[in-house]
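The values are calculated or read from the model by the stated rules, or taken from the named source; none is laboratory data. A quick note: this is a predicted structure, and the numbers were derived from the prediction, not measured. No Cβ is skipped: glycine too gets one built from the backbone with ideal geometry, and neighbour counts run over all protein chains shown. We work out accessible area using only protein heavy atoms, side chains counted, and drop any ligands, DNA or RNA first. Shrake-Rupley method; radii C 1.70, N 1.55, O 1.52, S 1.80 Å.
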Amino acid sequence: MFSNQCSIISIKKSIMKNNIVGLFFLMFCTISSAQTEIPKDTVPNDLQEIVIEGKTQTFSNKNGNIKINIANSVFENIPNVVDILSKLPKIVVSPDKESLSVVGKGEPLLYMDTQKVTMNDLNSLDVGDIKSIEIINNPSAKYEAEGRAVVLITRKSGRREGFKTSFLETASFKKSFNNYLGFNASLQRKKLEIKTNFNYNQLHPWESNGNEFSIPDQNIESKFLVVDDYKRPQHIAGAGILYKINEDDYLSFNVSNQYRKDLNDIAAKTFYAENGDANNVNTKNFTDANRNFFNSFANYNKKLGNKAQWFTGLQFSDFRQNSESNIYNNYNDSAFHLTQTGNQHFRINVISARTDFEKIFKNEIKLETGLLWISAHTKTDYTQFNYENTVGETANYLQKESNAAAYIQLSGKYKKFDFLSGIRIENTDIKGENVLLNNTEKNNKYTNIFPKLQIDYAVDSTKIISFNYAKSIIRPNYSATGQTLLYANPYFTYAGNPNLSPSITDEISGAFQFGDKSVKLSYYKTVNPEYFTFAYDEAQQLTFKLVNLEKESGYNLEFGLPFKSGFWSCENILFFSLAKVEDPTAVRLKSNPFLYYYSNQTFAFPKQLSASVGGYGITKNNVGAIQRNAYFVMNMAVSKTFNNNISCTLSWNDIFKNANFYEDYNITGIDSKVKYYTDTSEFSIAIKYTFGKVRDFNVSEKTVNENTSRIK
């Protein structure tokens, strides 16, 4: 529980520490990228990515969207998808590998082909089945309005039918030993395809965070350090059946399940002083928790004539999390006494239905339209007893949310112009009820319209000018409805917030592409952005939780500078940002621009030997009320394939152990300095054995539930 909260904070508040080695490393590659290689002189058709002819280029860039060809690259031999994502530009993966964010965009939508997936689904995907990964910064109206970016994973197709099995073993050395064991199998016979997977991971994560805060009006000063050293056995299983009715029509059914245990041993040391009266407290928190996530969907696709097709599907998801905790405190080196016990049961059920229709007309104008309906039920049961003041607390909260959405969009080409114009309408109805008090605490109904517009002008075969506008929404995760307090020490807790409102963002951008180089300028404004902040109550308790601040705005300037020469290719991203967060409760500080930089070198040697060296970082920055440090992370990997069916990969992540995050807050009259220490420095050895071959059907499954990412 506590570790999950820390991981969410660290991913949403990425803050970085400058490193001279990283800057020289980036400067060298950027200077090299000045040698421009021009692709063939062809007028772009539907503005596909401009790539260099010859050998497949690992990275390509179009209108700020970055595409990475995984097949036949060094990334193909990295043992799992999440580790690949952690090495890609602008993507930051949380230390527990449970979530990710895109720099400047926040948490993205995850798609596999045209199917919406979660991090759980990625853990069970065979890397050998991946063709490419694309980071889409300007998603169309066809994608749901939830989120400002999409990470699209495209799988391979067109191999012959048969049987294929792969085994994967990864030994990971961090502060403790972690082991990943995976099995994937595919069987295809004529019109029938069956896939299955199983993963067993024996994980031993570690993380730590600390806080120094003061409340001048209350004459309070405090500091504490928490260390969480826990064990996490994890089971992942999945299966899928696809039946191809004819060349264009198919039926499919898929199920997946992830179960894990969290055996937490949390220790905290706290100093607390109020009006000159000081206490030193040692806290031990023993938590036994488990979580289970089940996901299933059924799809049907039908081709209507030569240039039209119809899709429909159903999806059901179930998430359950249970925890029991016993907390002991030792005041001023006396003795440990049982302070608090707690039990929580949290459950989410989501069922949804979707239908889509698309038609291509004679003038190559494409019409796409669709409907979506989602119903979600969340329930929290929580009991807590405090032995220090002999006070018990019970919470039973139920929330029902329904969403109905419709979209329509047109895309096509006129002379040198490519265009895409669409609109999406979403209606949301939320009711929250305190079951014990029979009291309705939340009753929200709202309808939002989300327009999307993209216009691309091809100046010539190598130069493209683009314009984009989009409105998007970020709804609170379903787990935010939980009212559980996560105990850090007698004076500090983490809490959920069932009263969060959605965040609405308007964004406008322009881009210029010259060959494979690009520059993009954008401006965004967000109303009700979510940020962690503090609240102090009369019970001398400081609570850290997500709240809606008034607004956030900012400018982003991004450069894509790839370079390729023979067996060496280099991808460079420079991302300048000036952001400002404003709220009446926050002390207004001057915002300053900051730089995100990314550089990755890949080397393709003879005899199926490949290597990569890369790094990314963010300079010191502040966004008004919140100031963050800088950091630089450097990764390396070497991979060798033997006889086309055995591969071995050596990886070293966060070589300099720099991925520690610091934040200074001055909100609601509280000065706070927060520190997050991670366990991302890792050396791993992965061995993968594959035998057999199988041909994938050239079809694309689609998502039904477009809010799956909110289940956490």
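Computed values, structure above
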{"item": "Where Leu500 falls short, out of the listed (1) at pLDDT 80 or above; (2) in a strand (DSSP E or B)", "result": "(2)"}
{"item": "Top-ranked residue in the stretch 185-197 [being free of Cβ contacts under 8 Å to residues at least 60 places away in the same chain and open to solvent by 20 Å² or more (accessible area, probe 1.4 Å); ranked as nearest to Asp288 (Cα to Cα)]", "result": "Thr196"}
{"item": "Only listed residue being among the charged types (D, E, K, R) and at pLDDT 85 or above, chosen from Glu388, Glu441, Glu401, Glu393", "result": "Glu401"}
{"item": "Checking Asp262 against (1) farther than 17 Å from Pro205 by Cβ; (2) among the acidic types (Asp, Glu); (3) open to solvent by less than 60 Å² (accessible area, probe 1.4 Å), the condition it does not meet", "result": "(1)"}
{"item": "Top-ranked residue of the stretch 379-400 - restricted to ones that are within 25 Å of the chain's Cα centre (by Cα) and in contact (Cβ under 8 Å) with a residue 40 or more places away in the chain, ranked as nearest to Ile504 (Cα to Cα)", "result": "Gln399"}
{"item": "Residue satisfying all of: in the stretch 272-289; of a type in the set (Gly, Ala, Ser) and either at pLDDT 90 or above or surrounded by 15 or more Cβ atoms within 10 Å (Cβ to Cβ) (or both); nearest to the chain's Cα centre (by Cα) among these", "result": "Ala289"}
{"item": "Search result, residues across the stretch 215-238 that are small (Gly, Ala, Ser) and buried (at least 17 other Cβ atoms within 10 Å of the Cβ)", "result": "Ser222, Gly238"}
{"item": "Cross-chain or 6+ apart pairs with Cβ under 6 Å, the stretch 449-462 first and over 23 Å from Gly147 (Cα atoms), then of a type in the set (Phe, Trp, Tyr)", "result": "Tyr457/Phe417"}
{"item": "From the options Asn349, Asn343, residue that is in a strand (DSSP E or B) and surrounded by fewer than 16 Cβ atoms within 10 Å (Cβ to Cβ)", "result": "Asn343"}
{"item": "The lone exception for Ile655 - which of (1) open to solvent by 10 Å² or more (accessible area, probe 1.4 Å); (2) in a strand (DSSP E or B); (3) at pLDDT 90 or above it fails", "result": "(2)"}
{"item": "Check on Asn635, surrounded by 20 or more Cβ atoms within 10 Å (Cβ to Cβ) and part of a strand (DSSP E or B)", "result": "yes"}
{"item": "Residue in the stretch 664-672 that is at positive phi and modelled with pLDDT of 90 or more present", "result": "no"}
{"item": "Test: residue in the stretch 153-172 that is open to solvent by 70 Å² or more (accessible area, probe 1.4 Å), more than 30 Å from Ile66 (Cα to Cα) and either without any contact (Cβ under 8 Å) to a residue 12 or more places away in the chain or in contact with a Leu (Cβ under 6 Å, 6 or more places away or on another chain) (or both)", "result": "yes"}
{"item": "Extreme residue, surrounded by the fewest Cβ atoms within 10 Å (Cβ to Cβ), among residues of the stretch 470-496 that are at pLDDT below 80 and of a type in the set (Val, Ile, Thr)", "result": "Thr484"}
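Here's the yes/no breakdown for (1) assigned to a strand (DSSP E or B); (2) open to solvent by 60 Å² or more (accessible area, probe 1.4 Å):
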site	(1), (2)
Asn389	no, yes
Ala395	yes, no
Ala405	yes, no
Ser411	yes, no
Arg424	yes, no
Glu441	yes, yes
